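Okay, structure first, notes after.
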Amino acid sequence: MKLNYEAAVANRGNQGRIKEVFRRAEQGEKLTIGFIGGSITQGSLASEPKLCYAYHVYEWWRRTFPKAEFTYINAGIGATDSQFGCARADSDLLAYRPDFVIVEFSVNDGSTPHYLETYEGLVRRIFGAEWQPAVLLVHNVCYDNGANAQLMHGKAARYYELPAVSMQSCIYPELAAGRLENREITPDDLHPNDYGHELVASVITYFLEKIQADLGNREEPAAVKAEPLTANAYQDSVRYRNDTVSPVLAGFVPDNEPQQGITDIFKKGWTASEKGASIVFEVEGSCIGVQYRKTIQLPAPVAELILDGDEEHPHILDANFGETWGDKLELDTVLEHGEDRKHRVEIRITESHEADKQPFYLVSVIASGKGVERVDGDSGIENRKQ
C-alpha cells in the first residue's frame with residue numbers, strides 16, 4: 001500500500017517561516033518543536049508516548065538536522081477543542097517559545113462557524129507570537145466516515161497562508177477504496193494505533209521534506225493579517241482557576257492538590273456536594289465558557305449557571321456522563337458575542353443524591369473578548385520538556 005502523499009497537501013501556504021527554521025537547524029541552533037491538539041496529538045492509543053505521531057515528527061527533526069539541539073513540547077490534551085486551546089496556548093505551549101508548531105484540532109472541533117472562530121483565535125495567538133514561530137496545520141480525520149473540520153479550518157489556512165496537510169485526502173481514501181483495512185491503523189476509527197501514528201507522521205514529514213528540498217527558493221515569511229477572518233472574540237481568552245481568582249464561595253471548596261502535568265485535568269478547581277452550594281465569579285469579556293467534570297460514575301450532581309442574574313434562563317451543568325470511556329472535561333459556552341463588559345457568573349448545585357460517588361467538580365471559567373485582562377498563575381506544566 002502506497003499513500004498518495006502529494007494529495008495530502010491541503011494548502012501549500014507561505015513556507016518562509018518553516019524554511020527559516022530549517023536554516024537555523026542547519027546552523028546547529030537550539031530549537032523547540034511544539035505540538036498542540038487533542039487526544040491524537042497527546043498520543044492516545046499509541047502503545048507508548050514515543051510512538052505517537054508527534055514524537056515521530058520530533059525525531060525526524062533530530063535525524064535530519066544532527067547538528068541542532070531540539071526540545072520537544074507536546075501540549076495535546078484528549079477530548080478538548082480549539083476553544084480551550086485559545087485559553088491554554090500561553091501556559092501550555094507558548095511559554096516555551098517554540099520555533100515550529102503543529103496545530104491539530106480537526107477531529108475535535110465541529111465543522112461550524114463557531115469552531116472556525118475559535119480555531120482562528122488559536123492560530124492568530126500562535127502565529128502572532130513576537131518571535132514569529134513557524135506553524136503547520138494538520139487535519140486528522142475520522143476513519144469510518146472521513147469526517148473532520150477541514151472545511152472550516154481550511155479557510156483559516158488559506159487566509160493566513162499557512163501550510164496544511166490532510167489525512168482526509170491521503171489516508172482516508174485508501175480505507176474507502178479497501179486498499180487499507182481500518183483495524184490495521186485504528187482500533188476505534190478515530191485514534192491511530194502505532195502503525196496509524198507512523199502513517200500520520202509520514203504524511204507530515206513528506207511535506208517537510210518537500211519544503212526542505214525547496215530551501216534554495218527564499219520566501220518572505222508571512223505575517224499575521226491585521227484584519228481577522230471572523231469576529232475573532234476568542235484570541236484573547238483568560239482561564240480562571242483557584243490559583244488565579246478568589247470567587248465568592250458558599251459550599252464550594254477549592255481543590256489544592258498539585259497538578260501533575262497538563263493532562264491531569266481535574267485540578268485547581270472547586271468541588272461541592274450539597275444542594276444549594278454556590279460559587280460566584282465576576283469576569284470580563286464578550287464570550288464565557290465553563291469547564292466541569294462529566295463523570296461515568298453515576299449518579300452525579302447537577303448544577304445550574306445563572307448569568308448576570310437571569311434566573312429565568314439558567315444553563316444546566318449536568319455532571320452525569322452517558323459514555324463509558326472515562327470522565328470528560330466538558331466545556332459549555334454560556335455566552336457568545338454578548339456585551340464586552342464585566343459579567344456575574346453564579347453556579348449552584350440544584351440536584352444531589354445520597355449515592356453520588358463524586359462531587360460536582362468545577363474546573364474553570366473561561367472569559368474571552370477584547371476587554372479581558374490576562375491573569376498569571378502556575379500552569380501545572382512542570383517537566384514538560386523531554
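The values are calculated or read from the model by the stated rules, or taken from the named source; none is laboratory data. What you see is a predicted model, and the numbers here were worked out from it, not measured in a lab. We place every Cβ from the backbone using ideal geometry, glycine too, and count neighbours over all the protein chains shown. Areas reflect the complete protein model, heavy atoms only, side chains present, ligands, DNA and RNA absent. Shrake-Rupley method; radii C 1.70, N 1.55, O 1.52, S 1.80 Å.
Summary of computed values
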item	result
Residue-wise HN-Hα coupling along segment 78-88, computed from phi with Karplus coefficients 6.51, -1.76, 1.60 (Hz; x: Gly, Pro)	x, 6, 10, 10, 6, 5, 5, x, 4, 6, 10
Alpha-carbon radius of gyration plus Dmax, which is the widest Cα pair, for segment 6-72 in Å	13.6, 36
Rounded FRET efficiency, nearest 0.05, which uses the C-beta distance separating TYR159 from ASP340 and R0 of 22 Å	0.40
The chain - percent of accessible surface contributed by carbon and sulfur, probe 1.4 Å	46 percent
Projected label distance in nm at ALA250 and THR324, using a 7 Å step from Cα toward the beta-carbon	4.2 nm
Sum of -39500 (n - 2.57) over DSSP H runs of 4+, divided by residues of the chain (222 nm, nearest 500)	-7000 deg cm²/dmol
Fully extended contour minus Cα-Cα distance, from GLU48 to LEU151, at 0.36 nm per residue	33.9 nm
Label-point separation in nm, SER111 to ARG179, each point 7 Å along Cα→Cβ	2.3 nm
Segment 256-261 - phi-based ³J(HN,Hα) in whole Hz, Karplus 6.51/-1.76/1.60, Gly and Pro as x	9, 5, x, 8, 9, x
LYS30 paired with GLN132, simple spin-label distance in nm, labels 7 Å along Cα-to-beta-carbon	2.2 nm
DSSP-defined beta bridges in the chain - what % are antiparallel, rounded to 5	65 percent
Ordering of 324-337, 282-295, 93-106, 186-199 by burial proxy (mean other Cβ atoms within 10 Å per residue, highest first)	93-106, 282-295, 186-199, 324-337
The chain - accessible surface per residue (Å², probe 1.4 Å)	41 Å²
Kirkwood-type radius of segment 21-134, with distances r between different C-alpha atoms, in Å	14.5 Å
Isotropic mean projected area of the C-alpha convex hull, segment 254-322 (nm²)	6.3 nm²
Radius, Kirkwood style, for segment 82-155 when every pair of distinct Cα atoms is counted (Å)	12.6 Å
Other-chain or far-sequence residues with amide H under 5 Å of THR32's (modelled H)	THR71, ASP99, PHE100
Over the chain, relative contact order from alpha-carbon pairs under 8 Å, at least 6 apart, %	18 percent
Coordinate range along principal axes, alpha carbons of segment 166-262, Å, largest first	60, 43, 27
Across LYS19/LYS50; LYS19/LYS268; LYS19/LYS328, pairs whose alpha-carbon gap is larger than 30 Å	LYS19/LYS268; LYS19/LYS328
Gain upon complete extension [ASP188, ALA226; 0.36 nm per residue less C-alpha separation]	9.6 nm
